[in-house]
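Asks: Sharing a structure below in structure tokens format, with a few things to ask.
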Amino acid sequence: MDVTEQIEKFHEFFDTLYKKALHQAVIKGEKSISIDFSDLSKFNIDLAQELIDNPEDTLRAAEISIEQIGFNVKDFKVRIRNLPKTQQEQIRNIRSIHLNKLIQVTGIIRQKSDVRPQVTSARFECPSCGNTLTVLQLDTKFREPTKCGCGRKGKFKLIGKEMIDAQKIVLEESPEELEGSEQPKRLDVFLKGDLVSPMSERKTNPGSKNIITGILKEVPILARDGGKLTRFDLMLEANHVEAVAEDFSELEITDEEINEIRELSEDPKLSKRLVNSIAPSIYGHEKVKEALILQLFGGVRKKKDDGSVTRGDIHILLIGDPGSGKSQMLKRVSIVAPKSRYVSGKGASAAGLTATVVKDEFLRGYALEAGALVLTNKGICCIDELDKMTKEDTSAMHEALEQQTISINKANISATLRAETTVLAAANPKFGRFDPYELIPKQIDLPSTLINRFDLIFPIRDIPNKARDERTADFILRLHKESSGGETDIPTELLKRYIAYAKQNINPQMTDAALEEIKEYYVKMRSTGESDEGYKSIPISARQLEALIRLSEASARSRLSNKVTKSDARRAIDLVHFCLTQIGVDPETGRIDIDSITTGITASQRSIIGTIKEIINELEKQIGKQIPVDDIIMKAKDKGIDQEKTEEVLDRLKKAGDIFAPRPNFISRL
């Protein structure tokens with residue numbers, strides 16, 4: 001097909017199918033139009049084939065045809081999307097036969113250079129005859145004219161040049177497309193023109209998943225002496241970029257879907273249907289599933305006038321016996337959330353979770369490579385096997401969970417990255433399984449500072465119970481019998497859009513009735529901490545109060561309501577109270593004591609520690625520096641503290657460095 005015929009065909013194609021779209025693009029001041037390849041192949045199969053085999057010339061013909069239609073726009077580009085399966089290649093399968101062909105690749109953006117201007121053509125003037133020469137700059141090196149028509153060779157005067165914005169990104173294969181032990185391969189992608197406009201820039205942030213259509217080019221590798229090697233590098237010159245893993249705020253929802261979403265929100269059994277859709281292949285755990293649904297909706301992020309920010313993300317920790325379905329819940333949440341990552345404790349390091357500085361061949365120097373918590377900004381990060389991570393690695397999460405930023409100061413890079421990420425973590429108890437006769441907080445082998453930052457902590461226990469075991473067995477066996485088992489009440493795609501719509505458009509405000517309900521619960525719980533013996537347990541702290549607000553906002557959001565009602569507050573209170581009664585009960589008094597989980601020492605234990613310290617002070621005045629342990633035990637017995645508890649407290653004080661043993665069965669204060 002010759003060029004004139006191509007231009008005519010494209011003229012006809014735009015006239016019949018894309019005239020309206022072209023009009024809108026020109027009115028909006030856009031510099032390109034996106035065309036679906038399937039439309040072109042239906043219109044003319046030969047033209048579509050020509051586009052794949054000889055993309056540069058064919059695209060130029062398309063651009064000339066647009067100019068001929070009569071739109072007064074300069075440098076208007078044609079972008080092609082949705083290539084057929086035959087042209088969709090994995091990065092690892094790209095070979096020399098694909099050179100100068102139009103192909104489509106999918107991957108995750110790992111690195112991104114700055115946007116810099118690049119010369120496309122330069123105009124020179126001949127000093128002898130005044131003739132103007134135009135040289136197209138297609139190579140990596142700047143080219144000057146070799147000679148003029150008048151016969152002059154040598155220096156020419158540069159009188160003007162055309163520049164466009166250009167940027168390089170590194171695209172890496174998506175992990176889900178790899179088999180076994182395959183290393184993900186990388187490909188350099190070159191973007192220019194309107195593909196690097198500020199709006200398009202957001203699509204290509206590191207960590208986002210993109211489908212890129214482009215023309216594969218070879219790039220010469222320069223030898224040390226300046227010559228070219230026989231080996232060439234590959235680079236994809238991008239024609240169309242489309243983001244896949246968008247966060248909630250970027251998911252586009254059509255009017256038809258909005259009607260479906262509104263209809264769903266008016267369903268009287270909505271909350272039950274949402275809970276049934278979160279992990280249909282796991283039996284029971286209704287409270288946990290309800291919390292996970294609220295976590296997906298999230299609370300409202302508030303920015304105050306003084307610059308401080310209150311997070312809206314709800315962090316949840318699941319601690320449970322093996323085989324209780326924790327990982328399956330995490331996997332399911334990572335499927336439902338539009339932007340999510342699933343990481344496992346043993347395979348995650350502090351650098352892999354937060355960010356790391358890598359030596360960059362491409363930009364010459366050091367570059368930041370974001371970790372999982374940064375890559376899921378405005379998404380959800382599911383961390384499995386949290387207890388298997390080392391202490392240094394878990395400490396890297398503190399800042400991300402509360403301040404929602406990650407600071408890095410390494411090499412010559414000092415940066416603060418945004419990590420507005422919701423964290424859902426799962427862990428096993430200290431000895432692999434819960435001991436029914438031991439306090440739950442003592443069995444959670446995680447730093448108390450980290451536990452403190454989770455809004456809800458659910459212990460998932462696996463205790464034999466004949467009636468429940470029968471129901472569980474029936475449920476699991478039926479799932480295996482029916483291949484279509486585990487049906488969700490709401491289809492996953494609709495659930496995704498429902499959550500995205502709620503997060504984009506609904507920012508609920510607290511009503512007075514809801515605030516009163518939460519305040520009443522908070523004050524009532526605080527007052528139950530006072531006891532007759534004089535010590536005070538702290539049943540609930542301000543951190544739980546914030547969690548209550550976030551959960552009640554999420555509950556209102558799940559109904560697409562702009563007002564947080566009393567029933568939303570009650571729902572939040574039920575969840576928080578359920579968690580507190582499971583993990584925060586002081587076994588000696590039977591009261592809820594939040595300190596048992598946040599510091600590992602209950603108020604009654606703290607009271608005993610205070611009593612033993614007083615006894616040591618008294619005996620020191622009477623006996624001197626070295627105090628026999630037996631005397632302390634005797635005195636403690638008079639005050640109603642048995643020997644076992646006294647010995648436990650003395651051990652604790654030794655570990656804390658308050659006392660030491662100068663010789664066996666004697667202690668001294670430091």
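The values are calculated or read from the model by the stated rules, or taken from the named source; none is laboratory data. A quick note: this is a predicted structure, and the numbers were derived from the prediction, not measured. Here the Cβ is made from the backbone with ideal geometry for all residues, glycine too, and neighbour counts use every protein chain on show.
Asks: Residues of the stretch 621-669 being assigned to a helix (DSSP H, G or I) and either farther than 15 Å from Ile608 by Cα or not assigned by TED's automatic domain parsing to the domain that holds Ile609 (or both), which ones? Talk me through it step by step, then tell me what you get.
Replies: Taking the stretch 621-669 as the starting set, the residues that turn out to be assigned to a helix (DSSP H, G or I) are 621-623, 629-638, 643-656.
Within the stretch 621-669, Lys621, Gln622, Ile623, Val629, Asp630, Asp631, Lys654, Lys655, Ala656 qualify.
Asks: Another question, then. Among Leu292, Leu296, Leu274, Leu317, which is the only one that is under 30 Å from Ser200 (Cβ atoms) and either outside any helix (DSSP H, G or I) or under 24 Å from the mean Cα position of the chain (by Cα) (or both)?
Replies: Criteria check complete, one pass: Leu296.
Asks: Identify all residues within the stretch 126-142 that are at pLDDT 80 or above and part of a loop (DSSP other than H, G, I, E, B); write none if there are none. Show your work before the answer.
Replies: So the first thing to find is which residues in the stretch 126-142 are at pLDDT 80 or above, and the list is 126-135, 142.
Result: Cys126, Pro127, Ser128, Cys129, Gly130, Asn131, Phe142.
Asks: Turning to a different aspect of this structure: Look at the stretch 169-209 and say how many of its residues are of a type in the set (Lys, Arg) and modelled with pLDDT under 85. Don't jump to the end; show me each part of the working.
Replies: Looking only at the stretch 169-209, we keep the residues that are of a type in the set (Lys, Arg), and these are 185-186, 192, 202-203, 209.
Within this subset, residues satisfying the condition of being modelled with pLDDT under 85 are 202-203, 209.
Qualifying residue count for the region: 3.
Yes or no, residue by residue, for (1) surrounded by 14 or more Cβ atoms within 10 Å (Cβ to Cβ); (2) over 30 Å from Val170 (Cα atoms); (3) over 37 Å from the mean Cα position of the chain (by Cα):
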{"position": "Lys19", "(1), (2), (3)": "no, yes, yes"}
{"position": "Ser34", "(1), (2), (3)": "yes, no, no"}
{"position": "Asp46", "(1), (2), (3)": "no, yes, yes"}
{"position": "Glu63", "(1), (2), (3)": "yes, no, yes"}
{"position": "Ile80", "(1), (2), (3)": "yes, no, no"}
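Asks: Six or more apart or on different chains, Cβ under 9 Å: which pairs go from a residue in the stretch 222-249 that's closer than 30 Å to Val336 by Cβ to one that's exposed (fewer than 15 other Cβ atoms within 10 Å of the Cβ) and at pLDDT below 75? Could you list them?
Replies: That search, which allows pairs on different chains as well, returns Ala243/Arg202; Glu246/Glu252.
Asks: On the basis of being of a type outside the set (Asp, Glu) and either closer than 20 Å to Ile499 by Cα or out of contact with any strand residue (DSSP E or B) (no Cβ under 6 Å at 6 or more places or on another chain) (or both), does Leu318 make the cut?
Replies: Details: of a type outside the set (Asp, Glu): yes; either closer than 20 Å to Ile499 by Cα or out of contact with any strand residue (DSSP E or B) (no Cβ under 6 Å at 6 or more places or on another chain) (or both): no.
So Leu318 fails the test.
Asks: Turning to a different aspect of this structure: Given the criteria among the charged types (D, E, K, R), under 29 Å from Pro198 (Cα atoms) and either touching a Cys at 6+ places or on another chain (Cβ under 8 Å) or buried (at least 19 other Cβ atoms within 10 Å of the Cβ) (or both), does Lys28 qualify? Spell out how you get there, then give the answer.
Replies: Working: among the charged types (D, E, K, R): yes; under 29 Å from Pro198 (Cα atoms): yes; either touching a Cys at 6+ places or on another chain (Cβ under 8 Å) or buried (at least 19 other Cβ atoms within 10 Å of the Cβ) (or both): no.
No: the conditions fail for Lys28.
Asks: Can you tell me how many residues within the stretch 143-165 are part of a loop (DSSP other than H, G, I, E, B) and farther than 26 Å from Asp114 by Cα?
Replies: Step one: of the stretch 143-165, the residues part of a loop (DSSP other than H, G, I, E, B) are 143-146, 148-152, 154-156.
Cutting the leftovers down to farther than 26 Å from Asp114 by Cα gives us 144-146, 148-152, 154-156.
The number of residues fulfilling the criteria is 11.
Asks: Within the bounds of the stretch 428-440, is there any residue that is in contact with a Lys or Arg (Cβ under 6 Å, 6 or more places away or on another chain) and either outside the structural domain of Val333 (by TED's automatic domain parsing) or within 20 Å of Gly320 (Cβ to Cβ) (or both)?
Replies: yes
Asks: From the residues in the stretch 85-105 that are within 27 Å of the chain's Cα centre (by Cα) and charged (D, E, K, R), which one is surrounded by the most Cβ atoms within 10 Å (Cβ to Cβ)?
Replies: Glu89
Asks: Can you list the helices (runs of 4 or more DSSP H) lying wholly within the stretch 365-459 that have 2 or more residues being buried (at least 23 other Cβ atoms within 10 Å of the Cβ) and under 19 Å from the mean Cα position of the chain (by Cα)?
Replies: Working: elements: 372-375, 391-395, 397-402, 440-443, 448-451.
By residue number, 372-375, 397-402.
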